[in-house]
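Asks: Right, I'll just put the structure down here and ask away after.
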Amino acid sequence: MLWLPVLVQMTLIFIASSIPDVPPLPGGMTDKQGHSFGYAILGALLLRALAGGRMRGVTWRTALGTVLLATLYGVSDEFHQSFVPNRTSDVYDVLADATGAGAATTAGIALATLRAASARPR
C-alpha cells in the first residue's frame, strides 16, 4: 500500500503531460513552479515508500534514491511530452522536477533527524 500513492501521483503527472494545450495553473503558478510542486509531492511519497513508511527508514540512502527516481521519472516525462502536440521537452523542467523532489526529500530528512534527536534520552 506504500507504493499506491506514488503510482497515483505518477499517473497524474503523466495525464497532465498528455494535455496538448495546458490551461493556466491555479494560483498563478508558473510552469516551473508547477513542476516543482508536482515533483515535491512525488518526492515526499517516494521517500515514504522507500523508507517503508517508517521515520527511522528515512536515511541519506533513501533520500538519494528518492531524488534519483523522481528525476529519472521527470526525464521520462519530458521524453513523453516530446510526442504530445503543442508540448516540448525542456531540460529546465527536469531541473524544476529535481528541485521539487530535492526540497521535499530535504524536509523529510530534517524531520527524521529532529524526531530521532528528540527521542534520544538526555
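Asks: Arg48 - would you say it is of a type in the set (Lys, Arg), farther than 30 Å from Asp21 by Cα and surrounded by 13 or more Cβ atoms within 10 Å (Cβ to Cβ)?
Replies: The answer is yes for Arg48.
Asks: Looking only at residues in region 87-109 that are among the charged types (D, E, K, R) and touching a residue at least 24 places away in the same chain (Cβ under 8 Å), which one is farthest from Arg61 (Cα to Cα)?
Replies: In this case the residue turns out to be Arg87.
Asks: Just name the residue that is surrounded by the most Cβ atoms within 10 Å (Cβ to Cβ) out of those in region 105-122 that are farther than 20 Å from Leu68 by Cβ and either basic (Lys, Arg) or touching a Ser or Thr at 6+ places or on another chain (Cβ under 9 Å) (or both).
Replies: Arg115
Asks: Does Arg61 satisfy the condition of being charged (D, E, K, R), at negative phi and buried (at least 21 other Cβ atoms within 10 Å of the Cβ)?
Replies: no
Asks: Let me ask you something else. Return the pairs, sorted by first residue and then second, in which the second residue is assigned to a loop (DSSP other than H, G, I, E, B), the first residue lies in region 23-37 and is under 21 Å from Ser76 (Cα atoms), the beta carbons are less than 7 Å apart, and the residues are 6+ apart or on different chains.
Replies: Gly34/Leu25; Phe37/Met29
Bear in mind that the values in this text are calculations on the coordinates, not laboratory data. Remember, predicted model here, so these are calculated numbers, not experimental data. Glycine gets a Cβ as well: all are built from the backbone with ideal geometry, and neighbour counts include every protein chain shown.
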